[in-house]
Amino acid sequence: MIEAVPDRVAELENLKRQLGNLRSRQDLINLCTWLNFEPADNQSLSFDNKQYHVGFAEVTIVARAGDFRIIYGRMAATDLSRDDERSLINTLINEHPYSLFVFSDQQCRKWNFVNHPLNGGSGSRRLLRRMKIDAGDLRLRTVIERLFGEVRLLDSWG
């Protein structure tokens, strides 16, 4: 574990605040830009919405860095569907193998950041690492550590 220095603590506090305030695709793009990703002009991805249980209101590439993509899918319902998340990832993974998938419910109140290790299986056996963020939930320490590396944080992070 790395000992946090004051500047790093301030950065992590800012990151915690931004994750806690995610309310729209634009907030996600702003977060990605703050993390030094290049905005991707919200390039829409084609998919067959009929194959999904809940379905998606939109699926876009919101940011990139080299070959790496951050793909955002907003559900067409008030809940997140893990089955639909997995199905969409399996549909897009061959074309976008280096990706972080970010899903939200229709109101952008619940978020899942989903990572897939390149050697983590395939299809229904594909290993997915899901990190959940709910609006107003300040318990983001685990999400931040998983997404951005382990750092010893302040006791106030709980």
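Placing a label point 7 Å from the Cα of LYS50 along the Cα-to-Cβ direction, the residues of the stretch 65-105 with a backbone N closer than 18 Å are 88, 91. Near PHE68: Cβ cut-off under 14 Å, other residues only, Lys/Arg at +1 and Asp/Glu at -1. The net charge is -1. 3J(HN,Hα) along the stretch 41-47: 6, 6, 4, 6, 10, 7, 7 Hz, from the Karplus curve 6.51 cos²θ - 1.76 cosθ + 1.60 with θ = phi - 60°, whole Hz, x for Gly and Pro. Here the extension length gained between GLU95 and ARG17 equals 24.8 nm, from 0.36 nm per residue of separation less the Cα-Cα distance.
For the stretch 17-25, backbone phi angles converted through the Karplus equation (6.51, -1.76, 1.60; θ = phi - 60°) give residue-by-residue couplings of 5, 5, 5, x, 9, 5, 9, 6, 4 Hz, Gly and Pro being listed as x. Around the amide H of ARG109, modelled in the peptide plane, lies no amide H under 5 Å away from a residue 5 or more places distant or on another chain.
Every number here is computed from the coordinates shown, using simple stated rules; none is lab data. None of these values were measured; they are calculated from a predicted model. Ideal geometry is used to build each Cβ from the backbone, glycine not excepted, and the neighbour counts take in all protein chains shown.
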